[in-house]
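A.B. asks: Here it is: the structure, laid out below.
We did not get these values from a lab; they are worked out from the coordinates using the rules stated. Just so we're clear, the structure is a prediction, and the values are computed from it rather than from any experiment. All Cβ positions, even for glycine, are placed from backbone atoms using ideal geometry, and neighbour counts span all protein chains on display.
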Amino acid sequence: MRERMIVKRGKLNLWERLYLPAVLGGFKVTLRHFFKKKVTLQYPEEKWTVPPGYRGAPYLVKDQEGNTKCVACQLCEFVCPPKAIKITPPGSDAVPADRPNAEKMPREFEIDMLRCIFCGFCQEVCPEEAIFLLKDYSLTGQTRREMIYNKEKLLALGGIHAGQQKWKHKLEEAKSQDVFPVKS
């Protein structure tokens, strides 16, 4: 059986029973804030300035030539803590690549923006630099279905990113070789 602990409390005097000190303290805080400069933004007209290092919404990007950079390796899907990313890799009916020398392309790529916690793990793990976190904080939609972004919408919002072009260099290397370089 548990023992009960009894805490003795002192009696309140008349001043404390009136709660007047608490009310006066509340008015004091209110008056102090009343004369300070207001920090409210009129949102649609005034935009919030995004601080450096802000991790926004993840989007797919294209390279300088307009080709999709994602190769459906599914690393971003595996590393995503809330499981917001869903990639359907090409199956028996392989999706044709939109760039030469790409082994595979995702058939479907979806990010559920309602589940995404903007952690940036998907960007860090992507070997092709196909996912970038853009400084987008205003994600809106009328239904839950609108907040699930498919591959086309992610590519349209992500735009073109100037960065490395692994596949272009690999294609040039392959064209420069006459035979397969592996010796037996």
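A.B. asks: Which of 83/153; 38/135; 151/175; 37/135; 153/175 have a Cα-Cα distance over 23 Å?
C.D. replies: The answer is 38/135; 151/175; 37/135; 153/175.
A.B. asks: Multiply the residue separation of residue 16 and residue 140 by 0.36 nm, subtract the distance between their alpha-carbon atoms, and state the gained length in nm to one decimal.
C.D. replies: 39.7 nm
A.B. asks: Is region 1-61 best put as rounded, prolate or oblate by its Cα gyration tensor, with a ≥ b ≥ c the root eigenvalues, rounded for a/c under 1.5, and otherwise prolate when a/b is larger than b/c, oblate when not?
C.D. replies: Here region 1-61 falls in the oblate category.
A.B. asks: Starting from the amide H of residue 109, placed 1.01 Å from N in the peptide plane, find each other amide H under 5 Å away whose residue is 5 or more places distant or on another chain.
C.D. replies: For residue 109, the qualifying residues are 88, 151.
A.B. asks: How many nm is it between the label spots at residue 6 and residue 112, if each spot is 7 Å from the Cα in line with the beta carbon?
C.D. replies: Each label point is offset 7 Å from its Cα along the Cβ direction, giving 5.5 nm.
A.B. asks: Assuming R0 = 30 Å, what is the FRET efficiency of residue 177 and residue 74, from their Cβ-Cβ distance, to the nearest 0.05?
C.D. replies: 0.50
A.B. asks: Going by average Cβ neighbours within 10 Å, how do the peptides 45-56, 145-156, 29-40 rank, with the highest at the top?
C.D. replies: 145-156, 45-56, 29-40
A.B. asks: Semi-axes of the equivalent ellipsoid of region 1-147: what are they in whole Å, largest first, if each equals the square root of 5 times a C-alpha gyration tensor eigenvalue?
C.D. replies: Ellipsoid half-lengths, sorted descending, are 55, 25, 13 Å.
A.B. asks: What ³J(HN,Hα) values, in whole Hz, does the Karplus curve 6.51 cos²θ - 1.76 cosθ + 1.60 give for region 141-153 when θ = phi - 60°, with x put for Gly and Pro?
C.D. replies: Result, ordered by residue: x, 7, 10, 5, 5, 5, 8, 9, 8, 8, 4, 5, 5 Hz.
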